[in-house]
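The values are calculated or read from the model by the stated rules, or taken from the named source; none is laboratory data. The shown structure was predicted, so the numbers you read here are calculated from the model rather than taken from an experiment. Counting neighbours? That spans all protein chains shown, and the Cβs are built from the backbone with ideal geometry, glycine included. For the accessible areas, the whole protein counts, side chains as well, though only heavy atoms, and no ligand, DNA or RNA atoms are used. Shrake-Rupley method; radii C 1.70, N 1.55, O 1.52, S 1.80 Å.
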Amino acid sequence: MSEAKIVKRSIKSADPANAEKTIARAAPERPRLRDAERTSKAILAAATKEFAERGYGGARVDAIAERAKINKRMLYHYFGGKDALYVAVLEGSYIAIRSAEARLDLTHRSPEDGMRDLVVFTWQYFLDHPEFLGILSTENMHKARFLKRSARIFELHSPLVAEISGLLDRGSAAGVFRADCDPVKIYMSIAALGSFFLTNRWTLSTIFRRNLSEKAEIEGWGEHIVDVIFAYLRP
């Protein structure tokens, strides 16, 4: 039986004039909660774009509020200020990629299939989310000054390292991977090969007179990353 029906039955013999008001007060505040979640998500999405495009120094709270289509005071109400909002964007960016990686279910994959899927996923994620690389570039310019304020960032990456370690251990036991691989170095290699191409393709295209933004070049580089990682892993 719903909460509203229970309330209605209990007040049936009471003052009828106040019945509807009592029911309204007893109704759950889910719409208000949903509005708060939507507003928070809109602010984070707008802030992510602003910080990715303009960096921390160039980003403006007024511009973020305008992008999110909210009053600036609402932004301060939800996040407190520019610094806290930027840290929230950093956390949100990492949460998004780590959550997507978790769906690969690497723990239950064969070593070779799991590693290949991780490489392909990482490359495709960088392609689909250029703002992620923009945020990382901005934070590296600040030498991770803001990231160090996050209490969540370390726990976000532990599962990924553990899953890669599992792939490497199972691969070594099966004789398909070498036995002395560092999971962090493996992930750094995967990420580096992808991010370097994307953040430098304009200068590289000019220097080598090849359009690295063409579909064939992008697909070819993704295959190259797989080949490089597996060449290193081979026993």
Exercise for the section: Name the single residue, out of those in segment 188-206 being among the hydroxyl-bearing types (S, T, Y) and without any contact (Cβ under 8 Å) to a residue 40 or more places away in the chain, that is surrounded by the most Cβ atoms within 10 Å (Cβ to Cβ). Expected result: S205
Fill in the blank from the handout: Residue count, segment 207-235, condition touching a residue at least 24 places away in the same chain (Cβ under 8 Å) and either touching a helix residue (DSSP H, G or I) at 6+ places or on another chain (Cβ under 6 Å) or acidic (D, E) (or both), comes to 5
Handout entry: Enumeration of residues in segment 54-77 that are buried (at least 16 other Cβ atoms within 10 Å of the Cβ) and of a type outside the set (A, V, I, L, M)
Key = G55, Y56, R67
Problem - Cβ-Cβ under 6 Å pairs, at least 6 apart or on other chains, segment 67-89 side at pLDDT 90 or above, far side open to solvent by 80 Å² or more (accessible area, probe 1.4 Å) - result: V87/R149
Exercise for the section: From E131, E139, E101, grab the single residue that is among the charged types (D, E, K, R), over 28 Å from L233 (Cα atoms), open to solvent by less than 50 Å² (accessible area, probe 1.4 Å) and in a helix (DSSP H, G or I). Expected result: E139
